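Below you'll find the structure, written out as structure tokens, and then a few comments.
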Ligand code: URP
Ligand code: ZN
Ligand code: ZN
């Protein structure tokens, strides 16, 4: 007699990026080992009762426990951040290991691995943030880190303590090209933002809503165009992160039409928020929705939905950047209200990312279930070299699964699991929420959170496998652990 499986999920309506089929799913040792019917005995059986089962979400852009300049602190560390991820159906997160100017990048990676160690409830990898591309970083540290499994890095074109100039960007892109890594660009024109900010402050326009006026779409359009040109010069793929609206999208469509390998990411705030959420008067309430690029207007939301639908976007991430509104050093850096340019940028969304898109994308008829899986799980896993271990329901893949409950529910911050004291989506009526989340075979959420501190493992990323020019040996291979 053969050994019983650890777990069988019966009666699953399985949705992957390519197929929809009914099956039972057998799990042993944290991996999917069989798919089919009448699979045999199991130590534990979960009846999915015909509900949709998708691969666990891969949130390829979130900020956890990042070291900030000044006294400001992020509200979520790897414990609370991955707890919220699990309860919202996300089983892999890719936050950032950020270099500080004047410091080593490798040291930053060690520090961030320490910050995550023993805390995470779901698996995690890291993108790098390169803020100081010294010869040592370009020639030794980056190549060594890519070989160790840190295969993507974010480049900022704005924020004084992070931004690179065009020459530095070209240097970093050249390293990406030489080693097959992927650069992610935060595309906003820093000088225009500074100039606009100065004028707004001089006019006494300091409320949160002026953040959106300091970062109009043209600053994103210009930087997106420049990022594309720099990547074309070096001849390497790039991914433009957190694309907010029509003008940046037009640049990306133009680049694609030229045959350039330009990938794009968008986030819930560009589908569900508008600039009005930063305030229609001078109330500080709008600080909650201060993020960059800022949310635009309803017409731009539709343009972003089109890109979500038609394949322009490769990845749908949360860009979870958690800052509290209370007196702790978050959105009120000195414990009090500050002018818009001093409000920490970013909004929480790690737990609501999947339910929002499932409800308003799939169940509202805007996208198919397969496209939902592609955007939220399979594509991010492929883009960052984690597929098919992640982002897939297939034999050999990790048993990272979500069973969906399709029923009305209301977003309430009191029901969320992050350490932030608000959600920008408070009161929104949704149509679905994960009933159960499985991380490598362990139930981490079934309406209650099950603490698995330290269960989450660091993942070594391979090279991207979604790019037209990806090396063929990198495709469709279970990554070594
Ligand atoms: O406003 C944002 N997006 N904050 C998080 C940091 C970043 O630029 O992604
Ligand atoms: Zn950014
Ligand atoms: Zn971000």
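What follows draws every value from the coordinates through simple rules; no lab data is involved. Since this is a predicted model, take the numbers as computed values, not measurements. No Cβ is skipped: glycine too gets one built from the backbone with ideal geometry, and neighbour counts run over all protein chains shown.
Some observations on this one:
- Overall size of segment 336-386 from C-alpha positions, given as principal axis extents largest first: 45, 31, 16 Å.
- Looking at the chain, the DSSP beta bridges with both ends there are about 45 percent antiparallel.
- Size descriptor, Kirkwood hydrodynamic radius, that averages inverse alpha-carbon separations across segment 1-79, Å: 15.3
- Per-residue extension of 0.36 nm, minus the Cα-Cα distance of residue 69 and residue 368, leaves a gain of 103.5 nm for this segment.
- For segment 280-351, the spread of Cα coordinates along the three principal axes comes to 44, 26, 18 Å, biggest extent given first.
- Over segment 397-437, the pair-distance histogram of Cα-Cα distances with 5 Å bins from zero comes to 5, 21, 21, 22, 17, 8, 4, 0 percent, rounded to whole numbers.
- The Kirkwood hydrodynamic radius of segment 104-143, based on inverse pair distances between different Cα atoms, is 11.3 Å.
- D by Stokes-Einstein for the chain, Kirkwood Rh over Cα pairs, 10 °C, 1.306 mPa s: 71 µm²/s.
- For segment 118-218, the alpha-carbon radius of gyration amounts to 1.36 times the rule-of-thumb value 2.2 N^0.38 Å expected for a compact globular protein.
- Pairwise label distance in nanometres, residue 144 with residue 446, each label 7 Å out on the Cα-Cβ vector: 4.6
- With the cut-off at under 16 Å, measuring from each backbone N in segment 123-164 to a point 7 Å along the Cα-to-Cβ line of residue 177 picks out 139.
- Here the average projected area of the convex hull drawn through the C-alpha atoms of segment 1-145 stands at 11.8 nm².
- Three principal axis lengths of segment 70-112 [C-alpha, angstrom, descending]: 38, 23, 11
- Computed over segment 191-290, Cα set: Rg, Dmax in Å: 15.7, 46
- Each helix, a run of at least 4 DSSP H residues, gives -39500 (n - 2.57); summed and divided by the residues of the chain, these come to -7500 deg cm²/dmol at 222 nm.
- Part-to-part distance (alpha-carbon centres) for segment 87-120 and segment 232-252, which is given in Å: 25
- Most to least packed among 316-323, 27-34, 224-231 [average Cβ atoms within 10 Å]: 316-323, 224-231, 27-34
- Gain upon complete extension [residue 218, residue 113; 0.36 nm per residue less C-alpha separation]: 34.1 nm
- Stretching residue 233 away from residue 41 to a fully extended chain increases their span by 63.3 nm, per 0.36 nm per residue minus the current alpha-carbon distance.
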